[in-house]
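Have a look at the structure below before the remarks.
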Amino acid sequence: MNPSFMRPFVTTLVALLLATFPAVAETPITIGFQPTMDVMPAFIAKEQGMFARHGIDATLTGGSGAIQVSGVVAKSLQIGNPTVPQVLQAIDSGLDLVIIGGANLMSAEAAEFAMVVRKGAGLREAKDFAGHRVAVNTVGAFLHVLFVQWLKNHGTDPQLVTFVEVPFPQMSDVLRQGTVDAVISVEPFVGRMVSADVGTSEDGFVRDFPKGMPVAVYAAERGWAEAHRAEVEGFRLAMGEAIASLAQNPKQAQADTLKYLKLPAEVLAHATLPDLAVGIPQAGLAQWIAIMEGQKLVTGKLDASRILWK
């Protein structure tokens, strides 16, 4: 048969098929993220089309942990990326938030978190930090709460330490300037500071805490989640696929990540990967509640089973 005769027929057939089987409608969802490696799966899911395949037209926007909660409440974000302590404090203050998925869990080595101590400061043990200034990304967030607990566990009054808020990307600058004596940070920023000889890394304080505790999570308002069950499930499926893709093709995952985290490629390539997981163990969340109650950061009775989305 003459190919030129067939071409209009094939074009018409394709048009009819597309009209009969339209593309899956995508729901616009703005997803917040903190600029750490914990959110690599979100970058992968966006860049490799996993969100789109599950009916989500995702817009990713960066910001601190505090912004992740306030953005969800203000509805500028549908899904935020706070740490567990920030979610618990928000719920304790009366906000009806639910955790719809995890970002990372505490690993046995906890090598992705560390305190970086200014050269010459001589800080190592908990008692050494009394009278010194320490930078944290957000007061009341994961690393601040854990560091305070570490001080308490080792007999040092946290009130003797001055905490200042500094975003992760600026921690190297304040450490170099001597504005603070130590920073509590995450990869890839820890590796970058150490390689630049700004300070020395000490990660022992994180190992005081059990493996499997959730760290950063994805949270939404309960009402929104209930009204968008299909989208929540699609989000979780896409994130699971992204974690699998990261393991299978790390170079592509790094390329996707570099579009969002403005870091040298070699720093990202050598950074320690976090223990990524979509599911969150209820027991791990209960451990956080106990720590928060012990530090009087929450006053009400929080129910881990109600906080986790079902």
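The values are calculated or read from the model by the stated rules, or taken from the named source; none is laboratory data. Nothing here was measured: the structure is a model prediction, and the numbers come from that model. Glycine gets a Cβ as well: all are built from the backbone with ideal geometry, and neighbour counts include every protein chain shown.
Considering S185, S195, which residue is surrounded by fewer than 19 Cβ atoms within 10 Å (Cβ to Cβ) and not assigned by TED's automatic domain parsing to the domain that holds I67? Matching residue, one of S185, S195: S195. Which residue, of A135, A121, A66, A108, is modelled with pLDDT under 90, within 26 Å of Q287 (Cβ to Cβ) and over 16 Å from the mean Cα position of the chain (by Cα)? Every option except A108 fails the conditions. In this structure, is T138 assigned by TED's automatic domain parsing to the domain that holds E202, within 18 Å of S64 (Cα to Cα) and of a type in the set (S, T, Y)? Yes; evaluated as a whole, the condition is true for this residue.
Checked against the criterion of being closer than 18 Å to F113 by Cα and among the basic types (K, R), the candidates R192, R176, R133 yield just one match: R192. Contact map, the stretch 148-169: residues that are assigned by TED's automatic domain parsing to the domain that holds M292 and among the charged types (D, E, K, R) paired with residues that are surrounded by fewer than 18 Cβ atoms within 10 Å (Cβ to Cβ) and modelled with pLDDT under 95, Cβ distance under 9 Å, separation 6+ or inter-chain. No pairs are found.
One residue is enough: does the stretch 90-109 have a residue meeting the conditions over 25 Å from I291 (Cα atoms), surrounded by fewer than 20 Cβ atoms within 10 Å (Cβ to Cβ) and of a type in the set (S, T, Y)?
No.
Here is a check on your reading of the model: is T30 surrounded by fewer than 16 Cβ atoms within 10 Å (Cβ to Cβ), outside any helix (DSSP H, G or I) and either modelled with pLDDT under 95 or not aromatic (F, W, Y) (or both)? In short, no.
Looking at R236 and the list (1) part of a helix (DSSP H, G or I); (2) at pLDDT below 95; (3) closer than 26 Å to L143 by Cα, which single condition is not satisfied? The failed condition is (2).
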